[in-house]
Each structure stands twice: as structure tokens, then as C-alpha cells.
Amino acid sequence: MNWPELADKCIMPMASRRQAITLVRGQGVRVWDDAGKEYLDLVGGWAVCTLGHCHPVLVKAIAEQAQTLMHISNQFYSIPQTRLAELLVKNSCFAKAFFCNSGAEANEGMVKLARKYGKLKLGGAYEVITALNSFHGRTLAMVAATGQPKYQEAFTPLTPGFVHVEFNNAQAIKKAATRNTCAVMLEPIQGEGGVNIPDDGYFQEVRAFCDERGLLLMFDEVQTGLGRTGSLFAYEQLGVEPDAIALAKGLAGGFPVGAFLAKAPCAVLAPGDHASTYGGNPLACAAAIAVLNYTLERNLPQHAKEMGSHFLARLQALKGRFPFIQEARGRGLLLALQFKEDLADAVQEACTRRGLLVNRLRPSALRFMPPLIITRDEVDEGVDILEKALAEVGRK
């Protein structure tokens, strides 16, 4: 069966599938296609597969909950949802959690929270300042929030209420703020935008300005959260606490779930203000509890920090051999390799043929988001394959 041909016939396009690979099985940091070929997976479901593929702890939790209770409406309480909320609150600076299905929904809900806060506390202010090169999701509102015209042009007119400013520029935020501003929403590290890391002091200055003006500071940690950057939440490394945070991707290690968390003063949603049919259902929450407990018990954030440091050092060492590499950057296990030319497609293709999966982030950049359980030997294996792919591309 030619699965890619059938898929292209029946499915609307979602992503650019530059290689016709159909994956059928995964274990740990490895996956296999329908022809039996093995790949080392440094994409990790776009930073989703926290514990790798089919981790026994996650499989067991899903199987047990599936035999007990999979779904109820939020008209009723459930124990897994309550336990997950407690776990998130206990391990963060927040007081309340709201569960949904995805990162886009988490950000959308967080913006609704900010707008209600603006009505209650800021005289009806409703605008949210976000950053250029940000990425906050694919709903119409989050496309408008995202500071990248390429995602917006096909869907104009855009949902109003968002102002975009330069990332890593606190003065730009101060200049853009008006009486209509209710919140600032930022990624601690811009993931899809290029793995862009701001300067030290940026978030402290933004936090001080928000405090001065009474604005909410909200972090989109859909990609950076839950251990990926070397701490459970990326904000822990910044010296500031946001008022609200959005999570998804790695929260349940591959099972769809999202959440936004808020401190008590801005947890202003009342029954009926926002809801989600599937949000926080027992099956999703049982999966998330298993992943979060394992992450905490095994200190995966520290492991991600150590593996990421080694990974980054090996990527930086490649720059000396391949002059077309501009830089390697990242934090923890969220990394990027930037080229001086548009070589990402060719390098990705060469990697795939050699059994290594990487993410073509931009025409001139690759991104690496492996499972947090990756070992030093697996990092070295991946970089060794990448080096061979770079050498092949460099000869052309």
C-alpha cells in the first residue's frame, strides 16, 4: 500500500511532508517506518514525546484508565483531573488550572482570561501585546496573535486586539502599551520562530513594566514547558514569575491535552465563561499525571539540561568544520542549527536517508526537540549522522 499517496488523496494538507515516510511503530527515541527502516527521532512529535515513544509508564496509565473511565463532561468532578490540577499547582507559582486539548486552545483561553481581567480591573482594556516571530497556534485568534505575516495573509481580516512588537526589546513593549492594553504574552524562548533566546534582563524589565501598569504578563510555554529547557517551566530560569502560563505538547507525552494556569488575582473565569467538552477528561489527565510524575521523580529537567549542554557543544563544534553553519543555539533540549544559506531541506533529506529525523524549521535552519529521556550515546549517534549529512551537502 502506498500510504503517502492515499493520504494525499484523502487528507487536507497540514504540514509540508518533504519525505514520503509512513511511521508505524516507536520505542524510546526510535521509530520505524512501514518498510521496517529504523530512525533516531530528534523531532519528538514537535516537542511532544517527553518520555519517548510508548514508554511503559505512560502505556500502563492509559490502559488502566481506559478500562476504568475515559470521558465524562465537566458537569461532574473527576479524580484524575483534580489530581493533575493539584500536581501542576504544587509544582508552580500558580493557583488554578484550566484544561483543554491543545496549545492553541490553551493560549486562546489565556487570552480570554486576560480580556475578562481587562474588563474587571482595567476599565475594559482588551489588547494583548505579543512579539514578532512568535507562534501561538492556528485558531483564527491565535493566528492574529502570532507575529508572523506568512501565517496570517490567507486569513485576513485578522481578529482584532493584538499588537506585535520586536522580541527582546522591552522598550518596544512600553511604547506600544496604551490604555487599551490588558496583557503582554510572550514565549520565554521563541521555538517555531527560530529558537530565539532573549538577552538577560529582558523579562525582568517587562515584568517591572507590567507591574507598574497593572498589566498581566502571560507566558506561552507550550513548547518550552515541562522540563524541555532544563527546568520544569522555563520561567524558573528567568528570575520572574508570569501571571498566567499556557501548556500543552509534552504535558501528556503524546496524548492530546492542554492547560493554562493562573495566579489567584487573575483567575477570574466563572462558570460559563469558557469550557471544553474534552478538556481535562479522565484519560488525558491520567496520561499527564503519569508523565509529570515520572518527569519529577527522575528529574528529567536536569537530565535535559545536561544532555542539551552536550548536544549544543557538539553542534557548535560542527561550525569549525562546515563554514556554511552560522551558529548553533538553544537551551536544554530545544536547539537549532542555523545555516548561512538555505540548506535545511537538503540536510534534512540527507539525514533521513541515513536514519535520522530532524525538523526543518526554516529554509536556513534545523530544529532538534528529542524526547527528554535521550541518552548521551543517542545524542552522539545523532550528531555523528548529522555530520555525515552535512559533509554530503557540503560537497554538492
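The values are calculated or read from the model by the stated rules, or taken from the named source; none is laboratory data. Because the structure is predicted, anything quoted here is derived from the model rather than measured. Note that each Cβ is placed from the backbone with ideal geometry, even for glycine, and that neighbours are counted across all protein chains shown. Ligands, DNA and RNA are stripped out before the accessible areas are found, and what is left, the full protein with its side chains, is counted by its heavy atoms. Shrake-Rupley method; radii C 1.70, N 1.55, O 1.52, S 1.80 Å.
Scalar couplings 3J(HN,Hα) for the stretch 184-199, obtained by applying the Karplus form with A = 6.51, B = -1.76, C = 1.60 to θ = phi - 60°, are 10, 10, 9, 8, x, 9, 6, x, 5, x, x, 6, 9, 9, x, 5 Hz; x denotes Gly and Pro. Accessible surface computed residue by residue for the stretch 53-190, with neighbouring protein chains in place and a 1.4 Å probe, gives 51 Å² per residue.
The structure-derived value of Rg/Rh (Cα atoms, Kirkwood Rh) appears in the list (i) 1.32; (ii) 0.96; (iii) 1.10 under the label (ii). Of all the options Ala63, Ala144, Ala262, the one that moves most in a Gaussian network model of the chain with Cα springs shorter than 10 angstrom is Ala63. Remark: the stretch 361-376, residue by residue, has Karplus-estimated 3J(HN,Hα) of 6, 9, x, 10, 8, 10, 10, 10, 9, x, x, 5, 8, 4, 9, 4 Hz, where x stands for each Gly or Pro and the curve is 6.51 cos²θ - 1.76 cosθ + 1.60 at θ = phi - 60°.
Only Lys, Arg, Asp and Glu carry charge here, each on its Cβ (+1 for the first two, -1 for the last two); on that basis the stretch 52-210 has a dipole of about 600 debye about its Cα centre.
Put simply, the amide H of Ser134, placed in the peptide plane, has neighbours under 5 Å in Gly147, leaving out anything fewer than 5 places away on its chain.
Of the trypsin sites (Lys or Arg not before Pro) found in the stretch 283-338, the ones in coil according to DSSP and having at most 15 other Cβ atoms within 10 Å of their Cβ are Arg298, Lys319, Arg321. Nonpolar atom fraction for the chain, defined as the carbon and sulfur part of the 1.4 Å probe accessible area, stands at 52 percent. If one computes the Cα centroid of the stretch 246-269 and of the stretch 1-71, what distance in Å separates the two points? Cα centroid of the stretch 246-269 versus Cα centroid of the stretch 1-71: 23 Å apart.
Among Pro198, Pro301, Pro323, which one moves the most in a GNM of the chain with springs linking Cα atoms closer than 10 Å? In this elastic network of the chain, the residue with the biggest mean-square fluctuation among Pro198, Pro301, Pro323 is Pro323. Bridge orientation summary for the chain: considering DSSP beta bridges with both residues in this region, about 65 percent are antiparallel. When all protein chains stay in place and ligands, DNA and RNA are ignored, the 1.4 Å accessible-area order of Trp46, Trp32, largest first, is Trp46, Trp32. The listed residues Leu51, Leu120, once ranked by accessible area (1.4 Å probe) with the largest placed first, stand as Leu120, Leu51. When Tyr278, Tyr151, Tyr126, Tyr235 are compared by accessible area at a 1.4 angstrom probe, the order from most to least is Tyr278, Tyr126, Tyr151, Tyr235. Note on Cys54/Asp342: beta-carbon distance plugged into 1/(1 + (r/R0)^6) with R0 of 41 Å gives a FRET efficiency of 0.70. For the stretch 102-245, DSSP calls about 5 percent of its internal beta bridges antiparallel.
In the chain, helical runs assigned H by DSSP with n ≥ 4 each contribute -39500 (n - 2.57); averaged across all residues and rounded to the nearest 500, the mean residue ellipticity at 222 nm is -11500 deg cm²/dmol. Residues in the stretch 275-357 average 41 Å² of solvent-accessible surface per residue, probe 1.4 Å, ligands and nucleic acids excluded. Rolled with a 1.4 Å probe across the full set of protein chains, the surface gives Ser309 an accessible area near 70 Å².
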